[in-house]
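**Student:** What follows is a structure written as structure tokens; I'll ask about it next.
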Amino acid sequence: MVSTGAYGTWPSPVDARLAASHDGRPEYVGVVGDEVWWTEPRPAEAGRRALVRRRADGTPESVLPVPWNVRSRVIEYGGRPWAGVGRTDGGPLVVFVNFTDQRLYAHAPDGSGEPWPLTPLSGIGGGLRWVDPQLHLDRGERGEVWCVLEEFTGEAPTEVRRVIAAVPLDGSAAEDRGAVRELSDDRHRFVTGPKVSPDGRRAAWIAWDHPRMPWDGTEVMLADIAADGTFHSVRSFGGGPEESVPQVEWTTDGQLLFTSDRSGWWNLYRADPHRGTVALCTREQEFAGPLWKIGLGWFRPLENGLIATIHGKGTTTLGILDPETGELADIAGPWTEWAETLAVHGSRVIGVAASPRSAYEIVELDTTTGRSRIVGARHRDDVDPAYYPEPRQRTFTGPDGRDIHTHIYPPRNPERVGPEGELPPYVVWAHGGPTGHAALVLDLEIAYFTSRGIGVVEVNYGGSTGYGRTYRNRLRRQWGVVDVEDCAAVAQALAAEGAADPDRLAIRGGSAGGWTTAASLTSTDVYACGTVSYPILDLNGWGTDETHDFESQYLESLIGPLAEVPDRYRERSPINRTDRLTTPFLLLQGLDDVICPPAQCERFLAAIEGRGIPHAYLAFEGESHGFRRADTMIAALEAELSLYAQTFGIDRPDVPRLELKK
């Protein structure tokens, strides 16, 4: 029976513990022998990432016990942390990066031994870190791992070099840095792992330098591989300062494929020795995305010459492309978002996909039959799906008539409706990045609010990915302006049309979304409160050695060069606009965060001291950039609900009351 209840007061079985248990998604799929392997989050196990294999009988099995944590810290965001091969004798061999010490390890999981270290430790700065490993059993005396090495040369976060390196599998480099062969020089600040041609004679990789980010411009590098495994004749093949190439791959017959946004969209191309660069499927769609982690992949060539590729505009799907005809056949299925990881094995394609009714799952496509099936991390409905939100995609018109893409999640509960004449509160969600996007998938954090009668709208503001380079470039030198204006325009439009209560609007976001939230609260009067998670609050501090190397010059494009526009840095920083802050807020921060360090929050809190603004600050030990532990996520989510309840005048005795200081 459906009852009437004030918005925000509705009871719901989607509690914070359930939402936390479903946080995160599988990543980095691969095939070892005939088995599908991947990594997956374990919030209840101190937030570690487990390496999982699917046995022949379909049973998933964790390869490494607690406390092994398969995750790299290269460029802090990491990347592909493992590789494996099947062997006719001895079973599978896997190499992986362990998060705690960042060493590269080898392991034979079907044997009786423990993992053995392949790389040494270093006490300089952040030490030695590794990512995007590839096994080459035919190199060296007992095989090698070719991967990216990140080596700190001093204590500052920007005192670092990155090269492509070869690590011997026999463990001889575990105590001897000199046993690691450097395959590339450090002419470039950033590199990806090398992709080796089928004949073993050429290697291709991606490189870029400050102040560019990889979605601004990258270079494709080529090298010849000598018989002794050294690189020679290293040259730049393509890309440039205004062309982003996020992925390269070789076909089985030795042709080089790559994605590039030279047309304004990330499309697929082939390097033809006779015809030059050939476009394989020209569309106003994205066939790739931003390279936030080393080793991401949006396409994979198949043995028969076809190409499995993720593509779309706003949402994504998996298709099979015939590169000779340009014909692209999409697979049938409910999925609206495919993560940036694919693997192929014969005629099979394996990926990670989700929909508004299901979380991310491991999906396998048989290209010979066109049939797909779920083979791992299967979504389960722990509550009645009637409590899930039903999203609507909508494009709003913002300032200057520009499009703003959104996902709207109205309140939804099978047992409650709002009173006649009452409008629901709404929370604007600003995604991180800012060069990223909000995906149209089931998120139990959203359901946590919508099932209680609080609406959510995710805003893919100007600067978001998924809509072409022109849309992405809207944020150039306009961060803190375009993102703030777009979020406000959406909130005000929902209120103006009677979908949301104009007096009960909130905004929330983490990382770059935390910046947008703080910038909104200190520059507009649209919102009644906000939740700011691990944010950037002081541009001057963040842009001058207070963050990690990868993003240390990101502000050059988002704001402008500090030496040229120092006033802009000062004027846009929320820490310098606290005199305009009048609304309650919740500040959430990981104490181990080196990307957006706690010092930013601490200075912001000092700036509002004595102002009488209701606020709370929750700082979590053992958490870095983005929360991974179940207890942290539960505390943060319940605190956020309490903030909205107190601000909007909602009675929520089922969550701990957040103490708001003044």
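**Student:** For the range 547-662, just the Cα atoms, rotate onto the principal axes and tell me the three extents in Å, largest first.
**Tutor:** Computed over the range 547-662, the largest-to-smallest principal extents equal 52, 33, 21 Å.
**Student:** Which order do peptides 443-453, 547-557 fall in by mean Cβ count within 10 Å, highest first?
**Tutor:** 443-453, 547-557
**Student:** Compute the distance from the alpha-carbon center of the range 21-53 to that of the range 625-655, in whole Å.
**Tutor:** Centre-to-centre distance over Cα atoms comes out at 27 Å.
**Student:** Show me 428-435, 501-508, 10-17, 58-65 ranked by packing, highest mean number of other Cβ atoms within 10 Å first.
**Tutor:** Highest-to-lowest ranking by the protection proxy: 428-435, 501-508, 10-17, 58-65.
**Student:** Once phi is turned into θ = phi - 60°, what whole-Hz ³J(HN,Hα) does the Karplus curve with 6.51, -1.76 and 1.60 give for every residue of the range 192-206, x standing for Gly and Pro?
**Tutor:** Result, ordered by residue: 9, x, x, 9, 9, 5, x, 7, x, 9, 9, 10, 10, 8, 10 Hz.
**Student:** Relative contact order for the range 140-201 using alpha-carbon pairs under 8 Å, separation at least 6, rounded to a whole percent?
**Tutor:** Relative contact order for the range 140-201 comes out at 33 percent.
**Student:** Follow-up. In square nanometres, what is one fourth of the surface area of the convex hull spanned by the alpha carbons of the chain?
**Tutor:** The directionally averaged projection comes out at 29.1 nm².
**Student:** Express in whole angstrom the spacing between the alpha-carbon centres of the range 585-621 and the range 189-256.
**Tutor:** So the separation of the two Cα centres works out to 42 Å.
**Student:** How much length, in nm to one decimal, is gained on full extension between Asp138 and Asp567, taken as 0.36 nm per residue of separation minus their Cα-Cα distance?
**Tutor:** 148.7 nm
**Student:** With θ taken as phi - 60° and the coefficients 6.51, -1.76 and 1.60, list the Karplus ³J(HN,Hα) couplings across the range 348-364 in order, rounded to whole Hz; mark glycine and proline as x.
**Tutor:** 9, 10, 10, x, 10, 9, 9, 8, x, 10, 8, 6, 5, 10, 8, 10, 10
**Student:** Near the amide H of Gly239, under 5 Å away, which other amide H atoms are found, from residues 5 or more places off or on another chain, if H is placed in the peptide plane?
**Tutor:** Correct list: Val220.
**Student:** How far apart, in nm, are two points set 7 Å out from the Cα along the Cα-to-Cβ line at Thr230 and at Arg187?
**Tutor:** So the label points at Thr230 and Arg187 sit 1.6 nm apart.
**Student:** Compare the Cα positions of Leu555, Ser355, Leu658 along the charge dipole of the chain (+1 at Cβ of Lys, Arg; -1 at Cβ of Asp, Glu; about the Cα centre) and return the one farthest towards the positive end.
**Tutor:** Checking the options against the dipole of the chain, the answer is Ser355.
**Student:** Given Thr368, Phe627, Tyr461, which one lies farthest toward the positive end of the charge dipole of the chain, if we put +1 on the Cβ of every Lys and Arg and -1 on the Cβ of every Asp and Glu?
**Tutor:** Farthest towards the positive end: Tyr461.
**Student:** When all C-alpha to C-alpha distances in the range 37-190 are sorted into bins of 10 Å, what percent of pairs does each bin hold, rounded to whole numbers?
**Tutor:** 11, 41, 34, 12, 2
**Student:** Counting helices only, and only those DSSP H runs with n ≥ 4, report the 222 nm mean residue ellipticity of the chain as the sum of -39,500 (n - 2.57) divided by its residues, in deg cm²/dmol to the nearest 500.
**Tutor:** -3500 deg cm²/dmol
**Student:** Percent of Cα-Cα pairs per 5 Å bin, from 0 to the last occupied bin, for the range 232-372, please list those.
**Tutor:** Result returned by the calculation: 2, 10, 20, 24, 21, 13, 7, 3, 1, 0, 0.
**Student:** Around Ser172, with a cut-off of 13 angstrom between Cβ atoms, what is the net charge of the other residues, counting Lys and Arg +1 and Asp and Glu -1?
**Tutor:** It works out to a net charge of -2.
**Student:** Also, quick follow-up: For the range 156-200, what percent of Cα pairs sit more than 16 Å apart?
**Tutor:** 53 percent
**Student:** Eigenvalues of the Cα gyration tensor times 5, then square-rooted: what semi-axes does that give for the range 422-565, in whole angstrom, largest first?
**Tutor:** Equivalent-ellipsoid dimensions as semi-axes: 28, 15, 15 Å.
**Student:** Tell me which residues come under 5 Å, amide H to amide H, from His437 once H is placed; ignore anything under 5 positions away on its chain.
**Tutor:** Here the answer is Thr465, since their amide H atoms fall under 5 Å of that of His437.
**Student:** Report, by chain and number, residues whose modeled amide H sits under 5 Å from the one on Thr277, excluding near sequence neighbours (fewer than 5 apart, same chain).
**Tutor:** Under 5 Å from the amide H of Thr277 lie the amide H atoms of Asp272, each far enough along the sequence or on another chain.
**Student:** I would also like to ask the following. Of all DSSP beta bridges located in the chain, what percent are antiparallel, nearest 5?
**Tutor:** Bridges in the chain that DSSP calls antiparallel: roughly 80 percent.
**Student:** Whole-Hz Karplus ³J(HN,Hα) for the range 434-451, in order, using 6.51 cos²θ - 1.76 cosθ + 1.60 and θ = phi - 60°, x for Gly and Pro?
**Tutor:** Computed from phi, the couplings for the range 434-451 are x, 7, x, 7, 8, 8, 8, 9, 5, 9, 5, 5, 5, 4, 4, 8, 5, 6 Hz.
**Student:** For the chain, what is the relative contact order in percent, using Cα pairs closer than 8 Å and at least 6 residues apart in sequence?
**Tutor:** That works out to 11 percent.
**Student:** Separate question: Work out the length of the dipole vector of the chain about its Cα centre, built from +1 on the beta-carbon of each Lys and Arg and -1 on the beta-carbon of each Asp and Glu, and round it to the nearest 20 debye.
**Tutor:** 460 debye
**Student:** Considering Cα pairs under 8 angstrom that are at least six residues apart, work out the relative contact order of the range 135-263 and quote it in whole percent.
**Tutor:** 16 percent
**Student:** Return the whole-Å distance between the Cα centroid of the range 162-188 and the Cα centroid of the range 364-397.
**Tutor:** 42 Å
**Student:** Something else: Just add up the charged neighbours of Gly125: K/R +1, D/E -1, any other residue whose Cβ is under 15 Å from the Cβ of Gly125.
**Tutor:** Overall, the nearby charge balance is -3.
**Student:** What ranking, highest mean first, results for peptides 167-178, 208-219 when packing means the other Cβ atoms within 10 Å averaged over each residue?
**Tutor:** Those peptides, ordered most packed to least, come out 208-219, 167-178.
**Student:** Another question about this same structure. With the cut-off at 21 Å, report for the range 1-126 the share of all Cα pairs above it, as a whole percent.
**Tutor:** Result for the distance tail: 49 percent.
**Student:** Now a separate question. Kindly list the residues of the range 384-427 that lie in the label zone of Thr4, defined by a backbone N under 15 Å from the point 7 Å along the Cα-to-C-beta vector.
**Tutor:** So the set is 416-424.
**Student:** Whole percent per 10 Å bin, from 0 to the bin with the longest distance: what is P(r) over all C-alpha pairs of the range 453-527?
**Tutor:** 19, 51, 27, 3
**Student:** Here is a further query. Please give the contour-minus-distance gain from Thr544 to Lys661: 0.36 nm per residue of separation, less the Cα-Cα distance, rounded to one decimal in nm.
**Tutor:** Net length gain for the segment: 39.0 nm.
No value in this document is a laboratory result; all are computed from the given coordinates. As the structure is a prediction and not an experimental result, all values here were calculated from the model. All Cβ positions, even for glycine, are placed from backbone atoms using ideal geometry, and neighbour counts span all protein chains on display.
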